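Attaching a single structure in structure tokens format; questions to follow.
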Amino acid sequence: MRVLVTGGAGYIGSIAARQLRDRGDDVTVLDSLYRGHRGAIPDGVRFEPVDLLDLEATTRVLTAGFDGVLHFAALALVAESVAEPQRYHRGNVVSTLNLLDAMRAAGVRRLVASSTCATYGEPAHVPITEDTPPAPVNAYGNSKLAMDRMLADEARAHGLGAISLRYFNVAGASGDLGEDHEPETHLIPLVLWAASGRRGSVEIHGTDYPTPDGSAVRDYVHVEDLGRAHLLALDRAEPGRHEIINLGSGRGYSVREVVAAAKTVTGVDFTVLEGPRRAGDPPNLVAAIERARERLGWEPTKSLEDMVRDAWEWFQAHPRGYAD
């Protein structure tokens with residue numbers, strides 16, 4: 001299969017691109033390198049340094065002919081989206097519209113898109129199913145929900161086969177490919193920075209949630225498991241149909257549990273501070289993953305300890321990320 005991977009120089013996209021290559025697909029990565037890394041692009045794939053906001057260049061790439069697209073390219077910082085919503089509607093919504101226009105012109109009719117649990121906002125009930133009414137609380141979630149709805153319209157009108165995969169918290173590494181963000185906002189890298197001495201401490205935001213240990217609970221899924229789900233979804237996308245499928249582990253881990261796992265894996269008793277809740281942080285976000293099992297034949301295979309261990313090994317080998 002000839003596959004285009006947008007955002008294939010990013011954390012998840014690079015690992016999915018390599019998984020495609022390893023199963024024998026012909027892979028092209030499209031990435032502006034705005035927040036991606038040239039060093040993350042796997043060997044043996046073609047690279048197109050193109051921004052999806054450039055419709056002419058995007059159309060040129062698609063005319064080369066592809067059987068399907070994995071669409072990872074996006075802006076994904078929640079706080080930034082609150083401060084600059086216009087960037088997120090342009091970067092996530094307009095860019096996806098350009099991609100759909102280019103795919104339609106080139107006759108490409110299969111798409112798997114990177115969506116997010118942020119589309120659900122702060123639901124009252126967990127685990128969160130795909131039928132939970134969307135209620136985003138920031139521009140990032142709104143932009144991804146707009147993308148999902150565009151895909152549904154495109155499927156109805158033009159026969160696109162599309163699947164939106166709504167991730168929960170992604171973690172871990174895959175060999176020499178790992179997580180290198182600037183700024184870094186994800187809990188597991190921040191905890192490992194504290195373990196390595198890169199930062200002096202890590203803070204637990206909120207210790208009075210209605211959870212077993214008082215800290216917020218989140219669902220974590222290993223990046224390799226996530227990548228596998230994209231390949232399965234690409235194979236199963238059906239013409240004229242848009243589906244939404246959650247991806248998580250199906251169980252929650254508290255912030256304190258993540259900290260404890262990191263201390264066990266690293267052997268470092270780093271400093272942990274306790275602070276107040278952050279505005280907009282729900283107490284408990286866990287995915288219902290029955291649909292992923294039924295539609296994709298997918299199961300997560302790696303534990304929280306696996307995620308932390310793989311991320312720690314990558315960080316030790318790349319203390320300055322892809323700058324090393």
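The values are calculated or read from the model by the stated rules, or taken from the named source; none is laboratory data. All values reported here derive from a predicted model rather than from experimental measurement. So basically every Cβ, Gly included, is an ideal-geometry build from the backbone, and we count neighbours across all protein chains shown. Each accessible area value is taken on the protein alone, full model and side chains, heavy atoms only, with ligands, DNA and RNA left out. Shrake-Rupley method; radii C 1.70, N 1.55, O 1.52, S 1.80 Å.
Would you check which residues across segment 275-285 are in contact with a His (Cβ under 8 Å, 6 or more places away or on another chain) and either closer than 15 Å to residue 122 by Cβ or open to solvent by 90 Å² or more (accessible area, probe 1.4 Å) (or both) and list them?
276, 277, 278, 281
When segment 32-45 is examined, which residues are found to be touching a residue at least 40 places away in the same chain (Cβ under 8 Å), buried (at least 17 other Cβ atoms within 10 Å of the Cβ) and under 24 Å from residue 77 (Cβ atoms)?
32, 35, 37, 40
Among the listed residues 80, 48, 84, 56, identify the single one that is within 19 Å of the chain's Cα centre (by Cα) and surrounded by fewer than 20 Cβ atoms within 10 Å (Cβ to Cβ).
Answer to the selection: 80.
When you scan segment 138-167, how many residues do you find that are open to solvent by 20 Å² or more (accessible area, probe 1.4 Å), hydrophobic (A, V, I, L, M, F, W, C) and either under 18 Å from the mean Cα position of the chain (by Cα) or on the phi > 0 side of the Ramachandran plot (or both)?
So the answer is 1.
Is it the case that residue 235 is more than 27 Å from residue 134 (Cβ to Cβ) and either open to solvent by 40 Å² or more (accessible area, probe 1.4 Å) or free of Cβ contacts under 8 Å to residues at least 40 places away in the same chain (or both)?
Numbers: more than 27 Å from residue 134 (Cβ to Cβ): no; either open to solvent by 40 Å² or more (accessible area, probe 1.4 Å) or free of Cβ contacts under 8 Å to residues at least 40 places away in the same chain (or both): yes.
Considered against the rule, which asks whether it is more than 27 Å from residue 134 (Cβ to Cβ) and either open to solvent by 40 Å² or more (accessible area, probe 1.4 Å) or free of Cβ contacts under 8 Å to residues at least 40 places away in the same chain (or both), residue 235 comes out as no.
Related question: Would you point out which residue out of 223, 255, 272 is open to solvent by 40 Å² or more (accessible area, probe 1.4 Å), under 28 Å from residue 82 (Cα atoms), of a type outside the set (Ser, Thr, Tyr) and in contact with a strand residue (DSSP E or B) (Cβ under 9 Å, 6 or more places away or on another chain)?
272
Just to be sure I understand, how many residues within segment 1-22 are over 14 Å from the mean Cα position of the chain (by Cα) and assigned to a helix (DSSP H, G or I)?
The total comes to 5.
Hey, among the residues in segment 173-213 that are assigned to a loop (DSSP other than H, G, I, E, B) and among the polar types (S, T, N, Q), which one's most open to solvent (accessible area, probe 1.4 Å)?
Filtering segment 173-213 down to residues assigned to a loop (DSSP other than H, G, I, E, B) leaves 173, 175-176, 178-186, 197-201, 206-213.
Filter again for among the polar types (S, T, N, Q), leaving 185, 201, 207, 211.
On the way: 185: 82, 201: 28, 207: 51, 211: 23 Å².
Only one residue fits best here, namely 185.
For the condition assigned to a loop (DSSP other than H, G, I, E, B) and within 25 Å of residue 17 (Cβ to Cβ), what is the one hit in 108, 170, 126, 112?
Details: 170 fails: assigned to a loop (DSSP other than H, G, I, E, B); 126 fails: within 25 Å of residue 17 (Cβ to Cβ); 112 fails: assigned to a loop (DSSP other than H, G, I, E, B).
Every option except 108 fails the conditions.
Sort through 292, 261, 288 and tell me the only one that's open to solvent by less than 70 Å² (accessible area, probe 1.4 Å), touching a Gly at 6+ places or on another chain (Cβ under 9 Å) and within 17 Å of residue 218 (Cβ to Cβ). So that I can check it myself, show each step before the final result.
Working: 292 fails: within 17 Å of residue 218 (Cβ to Cβ); 261 fails: touching a Gly at 6+ places or on another chain (Cβ under 9 Å).
Answer to the selection: 288.
Does any residue of segment 248-255 turn out to be touching a Leu at 6+ places or on another chain (Cβ under 9 Å) and among the aromatic types (Phe, Trp, Tyr)?
Yes, there is a match, as at least one residue in segment 248-255 is touching a Leu at 6+ places or on another chain (Cβ under 9 Å) and among the aromatic types (Phe, Trp, Tyr).
Having 3 or more residues that are under 18 Å from the mean Cα position of the chain (by Cα) is the bar; report the strands (runs of 3 or more DSSP E) wholly within segment 218-324 that clear it.
Of the strands (runs of 3 or more DSSP E) lying wholly inside segment 218-324, those with at least 3 residues that are under 18 Å from the mean Cα position of the chain (by Cα) span 220-222, 242-247.
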